[in-house]
Amino acid sequence: MSKNRDKDTNKKYAMSIPKKTLERAAKLHEQLNYHNHRYYVLDDPQIPDIEYDMMLRELQDLEAQYPKLCSPDSPTQRVGAAPLSKFSEVKHEVPMLSLGNVFSEDELNDFDRRCREGLDNDNIEYVAEPKLDGLAISLLYKEGLLIRAATRGDGSTGEDVTANVKTIGAIPLRLSGKNIPDVIEVRGEIYISSDGFEALNARQRDKGEKTFANPRNAAAGSLRLLDSSITAQRPLTMYCYAVGACSDGVLADTHSDVLEQLRAWGLRVSHEHAVVQGAKGCYKYYEKLLERRDKLPYEIDGIVYKVNRFDQQQTLGFVSRAPRWATAHKFPAQEKTTQLLAIDIQVGRTGALTPVARLEPVEVGGVTVTNATLHNQDEIERKDVRVGDTVIVRRAGDVIPEVVGSVTSKRKKGARKFKFPSQCPECASEVVRIEGEAKARCSGGLYCPAQRKESIKHFASRRAMDIEGLGDKLVEQLVDEELISDAADLYTLTAEQLAGMERMGEKSANNLLIALEESKAITLPRFIFSLGIREVGEATARSLANHFGNLEKIMLATSEELEQVPDVGPVVARNIETFDHQSHNRDVIDKLISNGVHWDDIDVTESAEQLLAGKIIVLTGALSMSRGEAKDKLQAMGAKVSGSVSKKTSLVIAGADAGSKLTKANDLGVLVLDETELVKILAGDVSKLA
Ligand code: IVH
């Protein structure tokens, strides 16, 4: 924010407001804008959220006391305004066009040929950029101030969604920097990131409210709410990709330079775009981004190619409602329709029942999908999905494919509503559903073979006892053939028994026995994790081990004592207690110990809990675990988790698509590790940090 503006503000309101208050408000205004920009636009926060919230609260209080302090670009204006009864119409001065499409390299070559012919130039420079899957928005800035935001509508008339747009942190309420045009209309895409979408749907599911079919619907639904205070709670963000109307001649001559100008004025511009040469350059970019599609933190439905030079754009002009100088190269669709053949119920390790859709195989986003999750009982009811229906299947990123809904117009007569079972399909025990929980569970515990199988699979898995060669299929066979009924029985298996299993030769049987033998020497945290107690992940297991030092103490601990452990809240404490109180669990542990599983107790006076004491760690890029989770766990080990990289930073964890923080870390020579290494650190291996 410019200093001049503060002076103006001061003058305007100087009459009734004490000077100190004015100065403080202006300072808060400036700092909040600065930190907002760091957080939402640069994705590089410098202060903890709580500090931001405290400053915002202070400014809100001052504005409540002196309403005149509240300018239209005050950071307090982002919380939403009074609900509207309807949106008013906005006529776009420059129409908001759509784009033509190409679906193959041949069609891309045709597009390039048309451009070359139209310009009589054989080598054209394009800008290739992600085609974000959200909704188009027009932002009108006058004298730097955001005065109106409008949807695309039919291209010539849209809706005024200014109040909603003001709640979006990534959109500056005032432009900053040099040479800002008097009037500029910036265009771009409002969207919700993949993580934001998952979190939003999880929240909706928890509240028993309608979930959104995909991030685009979630973004569109959130932007078109009449009550902007609800929009304020939705994780909307934006990338800018064009300028509509612009008053004076300050704009650069090429699209790529204009993108840099927009960035310099505080607007959010993707770092993914690239200047490329000719159709070949475009296609190379397409292939590279398609490969990374699933790893991007947001959904894209293709690439947009734009002729870079504006004079060339002008020469090429438009055809009907689309420019001749740009086109969209579409990716394979991430949503398809197919037939729902059956709904099976899967029983997880903790007895949770998950309905799984069995589908007529269909290719979605380049992968053949035959199964998809239906999440839980309520979701099936809310979506009213019935066996035999034509359903919409969605597969995006690393997320498990899901059924997002039925095409009811295609429903066959007599299709019946799905009846959720009241008995476990594996062991016939009663199905129970605790109030407030979305998942129904089998009450059979370890009596249920499905739960037993899952708990043994977990026990053997890489992050638990790491028994190489003991795959899921083998565990199922061993349980089905009644050679084992719990994890401890694994250690009594003989070479003859194993060699009798399907696809098991003498050699692999012997290798497995060796792996079993080797697995007996384990650490206490890993052993606790291997037990598969509900919601006791690796970090919690480690915290428990470090806090209590030995298994006995954990087994005897009361809820209150358990809650003393960082990471352990009332729910986890109850889960641990429930586990400890079941005699069959104690029997299995005793059997494991008598079969030779052993570990060293931990000297709690020299607790590994603080293994990261004094370390400053920065998280950047997309991680598969949530940022919050990673942060909590690192803090539980004594680390300070910071938002920005400096010389003092001990370590940067860089996930997919890490940007400026990674560059800075490399520049400063700060240690950078990936998520695999982070998982090792969380499991107590801090050797890389030594
Ligand atoms: S340029 C005249 N660039 O795609 C060109 N559009 O079918 C106008 N979109 O409604 C659009 N990412 O909502 C452009 N990097 C990008 C885009 C993009 C997504 C959307 C936009 C538009 C639609 C065009």
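The values are calculated or read from the model by the stated rules, or taken from the named source; none is laboratory data. Please read these numbers as outputs of a predicted model, since none were measured by experiment. No Cβ is skipped: glycine too gets one built from the backbone with ideal geometry, and neighbour counts run over all protein chains shown.
For the reader, a short list of remarks on this structure follows.
- Any hit, the range 102-123, residues being within 12 Å of the ligand (Cβ to nearest atom) and either among the charged types (D, E, K, R) or surrounded by fewer than 20 Cβ atoms within 10 Å (Cβ to Cβ) (or both): no
- Among (1) modelled with pLDDT under 85; (2) under 30 Å from Phe527 (Cα atoms) - the single one Ala658 does not satisfy: (2)
- Applying a threshold of 7 Å to beta carbon distances and a minimum spacing of six or more residues, or different chains, the list of pairs starting in the range 270-282 at a residue that is of a type in the set (Val, Ile, Thr) and ending at one that is within 16 Å of the ligand (Cβ to nearest atom) and assigned to a strand (DSSP E or B) reads Val275/Val127; Val276/Tyr126; Val276/Ala128.
- Filtered residue count, the range 347-376, keeping only those that are under 24 Å from the mean Cα position of the chain (by Cα) and not aliphatic (A, V, I, L, M): 11
- Filtering the range 273-282 to residues that are away from the ligand (no atom under 16 Å from the Cβ) and surrounded by fewer than 20 Cβ atoms within 10 Å (Cβ to Cβ) leaves Gln277, Gly278, Lys280, Gly281.
- A single entry from Asp657, Asp632, Asp674 fulfils the requirement of being under 18 Å from the mean Cα position of the chain (by Cα) and within 27 Å of Gly569 (Cα to Cα): Asp632.
Residue-by-condition table, conditions (1) part of a helix (DSSP H, G or I); (2) surrounded by fewer than 21 Cβ atoms within 10 Å (Cβ to Cβ); (3) without any contact (Cβ under 8 Å) to a residue 60 or more places away in the chain:
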{"site": "Leu498", "(1), (2), (3)": "yes, no, yes"}
{"site": "Met504", "(1), (2), (3)": "no, yes, yes"}
{"site": "Ala509", "(1), (2), (3)": "yes, yes, yes"}
{"site": "Leu544", "(1), (2), (3)": "yes, no, yes"}
{"site": "Gln564", "(1), (2), (3)": "no, yes, yes"}
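- Residue match in the range 194-206 (condition: assigned to a loop (DSSP other than H, G, I, E, B) and not hydroxyl-bearing (Ser, Thr, Tyr)): no
- Candidate set from the range 587-613 (those that are modelled with pLDDT under 90 and part of a helix (DSSP H, G or I)); member that is surrounded by the fewest Cβ atoms within 10 Å (Cβ to Cβ): Thr605
- Taking the range 352-403 as the range and being free of Cβ contacts under 8 Å to residues at least 24 places away in the same chain and part of a strand (DSSP E or B) as the test, the residues that pass are Val356, Arg358, Glu360, Pro361, Thr368, Thr370.
- Scope the range 225-244; condition within 15 Å of the ligand (Cβ to nearest atom) and either of a type outside the set (A, V, I, L, M, F, W, C) or loosely packed, with under 15 Cβ neighbours inside 10 Å (or both); matching residues: Thr237, Tyr239, Tyr241, Gly244
- Residue pairs whose Cβ atoms lie under 6 Å apart, separated by 6 or more positions or on different chains, with the first residue in the range 180-191 and away from the ligand (no atom under 12 Å from the Cβ) and the second basic (Lys, Arg) and in a strand (DSSP E or B), are Val183/Lys142.
- If you check Thr649, Thr676, Thr620, Thr663 for being more than 21 Å from Thr523 (Cβ to Cβ) and loosely packed, with under 14 Cβ neighbours inside 10 Å, only one passes: Thr663.
- The strands (runs of 3 or more DSSP E) found wholly in the range 81-163 and carrying at least 1 residues that are farther than 27 Å from Ser176 by Cα occupy 89-91, 100-102, 125-132, 157-159.
Residue-by-condition table, conditions (1) out of contact with any Asp or Glu (no Cβ under 8 Å at 6 or more places or on another chain); (2) surrounded by fewer than 16 Cβ atoms within 10 Å (Cβ to Cβ); (3) modelled with pLDDT under 90; (4) assigned to a helix (DSSP H, G or I):
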residue	(1), (2), (3), (4)
Ile17	yes, no, yes, no
Ala25	no, no, no, yes
Gln31	yes, no, no, yes
Tyr39	yes, no, yes, yes
Glu51	yes, yes, yes, yes
Met54	yes, yes, yes, yes
Leu62	yes, no, no, yes
Asp73	yes, no, no, no
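- For the range 303-318, filtered to residues that are closer than 15 Å to Val94 by Cα and within 12 Å of the ligand (Cβ to nearest atom), the residue that is surrounded by the most Cβ atoms within 10 Å (Cβ to Cβ) is Phe318.
- Here the condition is being within 26 Å of Phe579 (Cβ to Cβ), part of a loop (DSSP other than H, G, I, E, B) and basic (Lys, Arg); of Arg349, Arg416, it holds for Arg349 alone.
- Residues satisfying the stated conditions in the range 273-322, i.e. outside any loop (DSSP other than H, G, I, E, B), closer than 18 Å to Ala333 by Cα and of a type in the set (Ser, Thr, Tyr): Tyr286
- When the range 82-101 is limited to residues that are more than 16 Å from the ligand (Cβ to nearest atom) and loosely packed, with under 14 Cβ neighbours inside 10 Å, the one that is nearest to Asp227 (Cα to Cα) turns out to be Pro83.
- Scope the range 124-167; condition surrounded by 22 or more Cβ atoms within 10 Å (Cβ to Cβ), among the aliphatic types (A, V, I, L, M) and either within 17 Å of Ser88 (Cα to Cα) or away from the ligand (no atom under 16 Å from the Cβ) (or both); matching residues: Ile124, Ile137, Leu139, Ala149, Ala150, Val161, Ala163, Val165
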